[in-house]
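Only one structure is covered here, and it is reproduced in the block below.
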Amino acid sequence: MSTVTPIHRQKLFGGRRTAEEVHAKYAFPINARCSGCGMRPMTRALVMMEIKEAMKNPAVQAIAAMGPEELMPHIVQIKDSEGMAKPYFRVSVVYACKSCTPQMERQLAKAPSHCIVEINRGPGVDKVITSGRG
């Protein structure tokens, strides 16, 4: 049995990178950029709305008219309180760096009530972990 620690764990827990830096590097696509300043993002927000509401928009109707191959990548199944899956249309994906995240969250708070907003902030700042031994 080998006692060698994998390289990615050495970088993260060896103090060379914080958990936030690792999240920013590996959690999002390589071409993802902050919508405000163009930096590498730390936060991602998905905005989704019920398919019935989305189909009222002419742009979504045009996508649906092209065929199911164009529409299906935007459909997300979300379970409601009764456990039944309902189709939602993914309206947008927005990225923000650490300094632009508060501004993005203020804008997301203004989303219509029929929309669902999912925010991926990552692991947060490193917290000190102490053992329970005294």
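The values are calculated or read from the model by the stated rules, or taken from the named source; none is laboratory data. Worth saying up front: this structure is predicted, and the values here are computed from it rather than measured. A quick note on method: Cβ atoms are made from the backbone with ideal geometry, for glycine too, and the neighbour counts reach across all protein chains shown.
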* To do: Tell me, yes or no, whether the stretch 17-27 has at least one residue that is modelled with pLDDT under 80 and not in a helix (DSSP H, G or I).
  => yes
* Which pairs have Cβ atoms under 7 Å, sit 6 or more apart or on different chains, and link a residue in the stretch 23-50 that is touching a residue at least 60 places away in the same chain (Cβ under 8 Å) and buried (at least 19 other Cβ atoms within 10 Å of the Cβ) to one that is of a type in the set (A, V, I, L, M, F, W, C) and part of a helix (DSSP H, G or I)? -> MET42/ALA24; THR43/MET104; ALA45/MET104; ALA45/LEU108
* Going through the stretch 88-113 one residue at a time, which ones are farther than 19 Å from MET39 by Cβ, among the basic types (Lys, Arg) and surrounded by 12 or more Cβ atoms within 10 Å (Cβ to Cβ)? -> ARG90
* To do: For residues that are among the acidic types (Asp, Glu), closer than 16 Å to SER113 by Cα and either modelled with pLDDT under 90 or not in a strand (DSSP E or B) (or both), tally how many sit in the stretch 46-97.
  => 2
* Can you confirm whether the stretch 31-44 contains a residue that is within 18 Å of CYS115 (Cα to Cα) and at pLDDT 90 or above? => yes
